[in-house]
1. Looking only at the stretch A:67-80, filter to residues that are of a type in the set (A, V, I, L, M) and in contact (Cβ under 8 Å) with a residue 12 or more places away in the chain; which one of those is surrounded by the fewest Cβ atoms within 10 Å (Cβ to Cβ)?
2. Take A:Arg45 and tell me if it is among the charged types (D, E, K, R) and at pLDDT 95 or above.
3. If I filter the stretch A:54-66 down to residues being more than 7 Å from DNA strand B (Cβ to nearest atom) and in a loop (DSSP other than H, G, I, E, B), which single residue comes out as surrounded by the most Cβ atoms within 10 Å (Cβ to Cβ)?
4. Go through the stretch A:3-43 and report how many residues are crowded, with 18+ Cβ neighbours inside 10 Å, of a type in the set (Ser, Thr, Tyr) and either assigned to a loop (DSSP other than H, G, I, E, B) or within 10 Å of DNA strand C (Cβ to nearest atom) (or both).
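The values are calculated or read from the model by the stated rules, or taken from the named source; none is laboratory data. If you're wondering where the values come from, they're calculated on a predicted model, not measured in any experiment. As a convention, Cβ positions derive from the backbone with ideal geometry for all residues, glycine included, and neighbour counts pool all protein chains shown.
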Amino acid sequence: MSVQQPRVSPTQFQQRVYQLVEKIPAGRVVTYGWLARQLGCNSSRAIGQALRRNPFAPRVPCHRVVGKNRLLTGYQGLTENQSLSRKQNLLSSEGVEFDGDGKVQPHYVIG
DNA sequence: CACCTGACATAAT
DNA sequence: AATTATGCCAGGT
């Protein structure tokens, strides 16, 4: 029988990112840059990498992380609109609202 | 082992 | 105002 084995231990950096993301309450979102600052890291890009890498399933609500412009940049490692709309749906079901441009309304962003 | 690339953000040109 | 360069971190080639 197949066992889902953790590929490799997440790096220390990734663990910190995940821990932080786990704290994001439903119905709120944060930006990559915000996370980066919380971690004292000067690169939001690194955050994106950590999340992209497919965190352990829904354990880490990575769908609550958006760009600074409040656009949804990616989900499940993909940048396709289809994935993005799913991300959007998830957020919607948590009560987050969007404007006509597909940006989350500023009110929901922490920071 | 060296180089490229990416779910970003910001400062400098 | 628009493009380019830098920062950071890990995986992939």
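1. Initial filter on the stretch A:67-80 (of a type in the set (A, V, I, L, M)): A:71-72, A:78.
Now narrow it down to the ones that are in contact (Cβ under 8 Å) with a residue 12 or more places away in the chain: A:71-72.
Details: A:Leu71: 13, A:Leu72: 23.
Looking at residues that are of a type in the set (A, V, I, L, M) and in contact (Cβ under 8 Å) with a residue 12 or more places away in the chain, I get A:Leu71.
2. Numbers: among the charged types (D, E, K, R): yes; at pLDDT 95 or above: yes.
So A:Arg45 passes the test.
3. Taking the candidates together, the pick is A:Val60.
4. Count: 1.
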